[in-house]
Amino acid sequence: MSIYGIGTAGYPVTGYEPRKTQRRNNASEMGSVTQTSQMPSGTFELHISNDTDGEAVGAICGSDYSMTVYQPKDFDPANPEYKVKVWDKEGNVTERMVDVSKVDTRSSDYVDMFAYASHLSASGEYPDALSAFTGAAAHQHGAEDRSYDDLFKKNDWLSVVRDAMQTQFEANNLEGYLQYKRFWDFLEK
């Protein structure tokens, strides 16, 4: 199992501790493995895996949310649909199925793009996609500034990646520039 997004783009890795949880006596959540994190706005649970949703291929915590992308047990690479669960700071969950073959990188929300980047990394199609995406998204909003509501706003992610690439160029960070340039080139295809 791989967890992408933890420790990237300024997301803290300290304070995480794996534990079993039974959240609200919900059968679909019983036996799930979570990690907790102390964020400025409170303690959040990053849901890693559970018995019903499938294997977690991407997970991230923000200032008032956590999100996990699951590859369902009946996953079909010819029809790449992932289950995405987003928890707000009160623990309410929003679920969505994302067909990553239909994600529009010029007009999609953070949830769909995170699922797409998780797929690219997990499938090996573009192993650094999740790191490049979360890094570019952090350039846009700041690692701690993205809120739960921001996750559902459409964005032109090619422009976001291009802006991150330009920032790295202006900072004379050739390695950072090339990381975003390769990702931008991949998304442009």
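The values are calculated or read from the model by the stated rules, or taken from the named source; none is laboratory data. Model, not experiment: these values are computed from the prediction. Glycine also receives a Cβ, built like all others from the backbone with ideal geometry; neighbour counts cover every protein chain displayed. The accessibility values were calculated without ligands, DNA or RNA, using every heavy atom of the protein model including side chains. Shrake-Rupley method; radii C 1.70, N 1.55, O 1.52, S 1.80 Å.
A few points about this structure:
- The one condition in (1) open to solvent by less than 50 Å² (accessible area, probe 1.4 Å); (2) under 29 Å from Asp53 (Cβ atoms); (3) part of a helix (DSSP H, G or I) that Ser101 fails to fulfil: (1)
- Scan of region 132-166 for residues that are among the hydroxyl-bearing types (Ser, Thr, Tyr), in contact with a Gly (Cβ under 8 Å, 6 or more places away or on another chain) and assigned to a helix (DSSP H, G or I), ordered by number: Thr134
- Set Gly135, Gly176: member being more than 21 Å from Thr52 (Cβ to Cβ), free of Cβ contacts under 8 Å to residues at least 60 places away in the same chain and open to solvent by less than 50 Å² (accessible area, probe 1.4 Å): Gly176
- Of all the criteria given as (1) closer than 15 Å to Thr68 by Cα; (2) in a loop (DSSP other than H, G, I, E, B), the one not satisfied by Val111 is (2).
- Residue-level check: of (1) crowded, with 20+ Cβ neighbours inside 10 Å; (2) at pLDDT below 95; (3) of a type in the set (D, E, K, R), Asp112 misses just (2).
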